[in-house]
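The values are calculated or read from the model by the stated rules, or taken from the named source; none is laboratory data. Owing to the predicted nature of the structure, the values given are computational and were not obtained by experimental measurement. Neighbour counts are summed over all protein chains in view; Cβ atoms, including those assigned to glycine, are modelled from backbone coordinates with ideal geometry. The protein model used for the area step is the full one, side chains on, heavy atoms only, and it has no ligands, DNA or RNA in it. Shrake-Rupley method; radii C 1.70, N 1.55, O 1.52, S 1.80 Å.
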Amino acid sequence: MVELLKQPQFAPMDVELQIVSIYAGTKGFFDSLPTEDVADFEKGLHAHLKSKYKEALQAIVSTGKLEKATEETLGKAIQEFKDQFVKEHVKKAPAAAPAEAPREAAREKPAAPAAAGAKH
């Protein structure tokens, strides 16, 4: 969330875009992104919303709140952008190595202690 709240000096973000960013952050849309990709994602998301979902942004401004219909539209729009962003920007982590099979020795039970008084 800290990355979302950062703004360039002398370039404040429009309130409706701040609301969208905080909404996306609190709903977990940023959780799976590497921290270094958050700023690019947020910038791209804002551009995506301005070009394809102007009515949702205008609804936030005109009503002064996030109504249910607007929230549903935002959820859809953010997920749509995230799917595209992840495909294009996020580096895939290397596949994890398969877990080693437990060693046979680890499966065996320890030997029972020698009987008391037994001669070796």
query = From the residues in the stretch 64-79 that are open to solvent by less than 50 Å² (accessible area, probe 1.4 Å) and among the aliphatic types (A, V, I, L, M), which one is farthest from Leu45 (Cα to Cα)?
reply = Leu74
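Would you mention how many residues in the stretch 17-41 are surrounded by 14 or more Cβ atoms within 10 Å (Cβ to Cβ), part of a helix (DSSP H, G or I) and either of a type in the set (S, T, N, Q) or under 12 Å from the mean Cα position of the chain (by Cα) (or both)?
Taking the stretch 17-41 first, the residues surrounded by 14 or more Cβ atoms within 10 Å (Cβ to Cβ) are 17-25, 27, 29-30, 33, 37-38, 41.
Next, from what is left, pick out any that are part of a helix (DSSP H, G or I): 17-25, 37-38, 41.
With the extra rule that they be either of a type in the set (S, T, N, Q) or under 12 Å from the mean Cα position of the chain (by Cα) (or both), the set shrinks to 18, 21, 24-25, 37-38, 41.
Number satisfying all stated conditions: 7.
Pick from Leu57, Leu66: which is outside any helix (DSSP H, G or I) and over 21 Å from Lys87 (Cβ atoms)? Break it down into steps so the answer makes sense when it comes.
Values: Leu57 fails: outside any helix (DSSP H, G or I).
Of the residues listed, the single one that is outside any helix (DSSP H, G or I) and over 21 Å from Lys87 (Cβ atoms) is Leu66.
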